[in-house]
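Student: Below you will find the structure I want to go over with you.
Any read-out appearing in this document is the output of simple, stated calculations on the displayed coordinates, not a laboratory observation. Quick caveat: nothing in here was measured; it's all calculated off a predicted structure. When we count neighbours, we look across all protein chains shown, and the Cβ atoms used for this are built from the backbone with ideal geometry, even at glycine.
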Amino acid sequence: MHPFNRVEISRQALIHNFRLCQQLAGNSGIMAMVKADAYGHGMLDCAHLFAEAGVAAFGVADATEGAALREAGIKAPVFVLAGVVPQDLGLILDRGLTPVVPDAALLPVLAEQAKARGLVAGLFIKLDAGMGRQGVLPDGLADLVRVIQDCPYLRCDGMMAHFPMSDVRDSSNSAQVLAAFRGAADVLTRLLRSPCRFHLANSGGLLYVAGACFDMVRLGISLYGYYPDGEAGRAGAAPPLLRPAMRFSTRIIQVRCVPAGTGLGYNHLFVTSRPSRIAVLPVGYADGYLRVLSNRAEVLIHGRRVPVVGRISMNLTLVDVTDLDAAQAGDEVVLLGCQGKEEISADEIAAWMETISYEALCLFGKLNRRVLVD
Ligand SMILES: *Cc1c(COP(=O)(O)O)cnc(C)c1O
């Protein structure tokens, strides 16, 4: 981790996004998805900010993340949404986390562990309403509910499902998933005598699927300032817009002058066509600035775009500053975010990486030193 490399997370941007989403969600609560270290933004920092802003719950992938939230003093409900395994159930009960159960296989162990603690374990059912990844199919719902109801140590508190295509506006798939979820919610409400709660929407569900908010919306990417459908989503959105919260920067460590015809770095992937000034940056694929960005990405120096030239290596990247006379060692270089009037967004980097903003954010945020700013 080079001392020049730094990921800044803007508190103001996170709070702005939270409030904007809160307005869109109306009476539905917000479950802040803080899995994967809050998409690289720092799980604990984000959790404290969102808790203060009035979050209804948190969502994590596994029990360890939930336990870390409790350790940090987070009191709100925490949903463990992916990959609950029998080995986790003790921790889930001890820390007061909410398991999301995809089938009946876990229930005997959950009941046994709850009984041993003198508790009734509250759980949510994961329904496969069309995601095709995890969860009980609508056909199997009634049987699963019966197993839960027959056990005095288990209580069903609600049900969730997940959209596979909510990043597509007006998708007929989302309409089908919503209808399947509504149907299953009616079934569950009839079977349970106790009140239960429902959540379905992710960011795309909130932004692009009418009527999908139910009791809570589970938001990840929108809280971190990006649209699930990338630049198109931002271009199509009515202001106020979401604000990217992450900025990734480094500094030039050296500027070299080389003649025309010089091959740069591994495999000489770039050969200079003119006498060139090449700046060396102490960042590489080990810092999440992936090799696929070689000869493809741009960075900001003095508020201007300059191209990455040659192969990105493990800890070094070269950029062509021939047209930027003033560039010198020590100058700030922005890889992601704003500098002056220019901006490089995670959507743009994702396009260079042939992926989505989520992946770029996770990589940069998890692999570099992070500071909260604003
Ligand atoms: C990650 C996740 C979300 C959040 O998705 P975004 O597109 O980032 O809003 C919602 N629900 C589940 C189950 C998830 O795993």
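Student: Measuring from centroid to centroid over Cα atoms, what is the spacing of region 1-48 and region 140-176 in Å?
Tutor: Here the two parts' Cα centres lie 26 Å apart.
Student: Still on this structure, I have one more. Which FRET efficiency value, to the nearest 0.05, is calculated for Ala210 and Gln87 with the Förster distance at 35 angstrom and r the Cβ-Cβ distance?
Tutor: Calculated transfer efficiency: 0.30.
Student: Give the long-range amide H neighbours of Ala121: residues separated by 5 or more places, or on another chain, with amide H under 5 Å away, using H modelled in the peptide plane at 1.01 Å from N.
Tutor: The answer is Leu154, Arg155.
Student: Right, next: Could you tell me what fraction of 2.2 N^0.38 Å the Cα radius of gyration of region 20-134 comes to, as a two-decimal ratio?
Tutor: Cα Rg divided by the expected 2.2 N^0.38 Å: 1.09.
Student: What lysines sit close enough to Lys341 to cross-link, taking a C-alpha to C-alpha distance under 22 Å and skipping anything fewer than 8 places away on the same chain?
Tutor: Partners found: none.
Student: For region 178-248, state the semi-axes of the equivalent ellipsoid (square roots of 5 times the eigenvalues of the alpha-carbon gyration tensor), sorted largest first and rounded to whole angstrom. Walk me through the numbers before you get to the answer.
Tutor: Numbers: eigenvalues 197, 33, 13 Å².
Ellipsoid half-lengths, sorted descending, are 31, 13, 8 Å.
Student: Need one number: nm distance between label points at Leu269 and Arg243, each 7 Å from Cα along Cα→Cβ, rounded to one decimal.
Tutor: Inter-label distance under the simple model: 3.5 nm.
Student: Reachable lysines from Lys35, Cα under 26 Å, same-chain residues fewer than 8 places away excluded?
Tutor: Those lysines meeting the cut-off are Lys75, Lys126, Lys366.
Student: Across region 10-22, in residue order, what do the Karplus-derived ³J(HN,Hα) couplings come to in whole Hz, using 6.51 cos²θ - 1.76 cosθ + 1.60 with θ = phi - 60° and x for Gly and Pro?
Tutor: Per residue, the Karplus-derived 3J(HN,Hα) values read 8, 4, 4, 5, 4, 5, 4, 5, 4, 5, 4, 5, 4 Hz.
Student: For a Förster distance of 30 Å, can you work out the FRET efficiency between the beta-carbons of Asp323 and Arg19, rounded to the nearest 0.05?
Tutor: Result of the calculation: an efficiency of 0.15.
Student: Another question about this same structure. Taking the Cα centre of region 206-273 as the origin, how large is its charge dipole in debye, to the nearest 20, when only Lys and Arg (+1) and Asp and Glu (-1) carry charge on their Cβ atoms?
Tutor: That gives region 206-273 a dipole magnitude of about 340 debye.
Student: Related question: Please say if region 1-72 is rounded, prolate or oblate, where rounded means a/c under 1.5 for a ≥ b ≥ c the square roots of the C-alpha gyration tensor eigenvalues, and otherwise the choice is prolate for a/b larger than b/c and oblate otherwise? Show your work: numbers first, answer last.
Tutor: Values: a/c = 2.41, a/b = 1.30, b/c = 1.86.
Oblate is the answer for region 1-72, as a/c is 1.5 or above yet b/c matches or exceeds a/b.
Student: Next question, about the same structure. Nearest 10 degrees is fine. How inclined is helix 357-367 to the longest principal axis of the chain, computing both from alpha carbons?
Tutor: 80 degrees
Student: Something else now. Return P(r) of the chain (all Cα-Cα pairs; 20 Å bins starting at 0; whole %; ordered from short to long distances).
Tutor: 27, 48, 21, 4
Student: Among Leu119, Ala82, Ala129, pick out the residue whose Cα is farthest towards the positive end of the charge dipole of region 1-155, where Lys and Arg carry +1 and Asp and Glu carry -1 on C-beta, about the Cα centre.
Tutor: Leu119
Student: Give the separation of the Cα centroids, region 267-342 to region 57-121, in Å.
Tutor: If we compute the Cα centre of each part, the gap is 45 Å.
Student: Still on this structure, I have one more. With both bridge residues required to lie in the chain, what share of the DSSP beta bridges run antiparallel, to the nearest 5%?
Tutor: Of the beta bridges lying entirely in the chain, close to 50 percent run antiparallel.
Student: How high is the FRET efficiency between Arg95 and Val292 when r is their beta carbon distance and R₀ equals 56 Å, given to the nearest 0.05? Walk me through the intermediate numbers first.
Tutor: Numbers: r = 39 Å, r/R0 = 0.70.
With R0 = 56 Å, the Cβ-Cβ based efficiency is 0.90.
Student: Could I ask something else about it? Under 13 Å Cα-Cα from Lys115, which aspartates and glutamates qualify once same-chain neighbours fewer than 8 residues away are excluded?
Tutor: Correct list for Lys115: Asp94.
Student: Stretched out fully, how many nm does the piece from Asp157 to Ala53 gain, at 0.36 nm a residue minus the Cα gap?
Tutor: 35.0 nm
Student: If you don't mind, there's one more thing I want to ask. Determine by what factor the alpha-carbon radius of gyration of region 257-357 differs from 2.2 N^0.38 Å, reporting the quotient. Please report the intermediate quantities before stating the final value.
Tutor: Details: Rg = 13.0 Å, N = 101, 2.2 N^0.38 = 12.7 Å.
So region 257-357 has a normalised radius of gyration of 1.02.
Student: Ok, one more. Please work out how much length the chain gains when fully extended from Ala116 to Glu8, using 0.36 nm per residue of separation minus the C-alpha to C-alpha distance, in nm with one decimal.
Tutor: Length difference between fully extended and current span is 34.4 nm.
Student: Right, something else. Residue by residue through region 315-322, which ³J(HN,Hα) values in whole Hz follow from phi under the Karplus form 6.51 cos²θ - 1.76 cosθ + 1.60 (θ = phi - 60°), with glycine and proline marked x?
Tutor: Calculated HN-Hα couplings, in order: 10, 9, 9, 10, 10, 8, 10, 3 Hz.
Student: A further question on this structure: Please identify the trypsin sites (Lys or Arg not before Pro) of region 63-172 that satisfy two criteria: DSSP loop assignment and at most 13 other Cβ atoms within 10 Å. Which are they? Let's see the in-between values first.
Tutor: Working: sites: Arg70, Lys75, Arg95, Lys115, Arg117, Lys126, Arg133, Arg146, Arg155, Arg169; in loops: Lys75, Arg95, Arg117, Arg133, Arg169.
Loop-located and lightly packed - Lys75, Arg117, Arg133.
Student: Right, something else. How large is the dipole of the chain about the Cα centre if only Lys and Arg carry +1 and Asp and Glu carry -1, each at its Cβ, rounded to the nearest 20 debye?
Tutor: 380 debye
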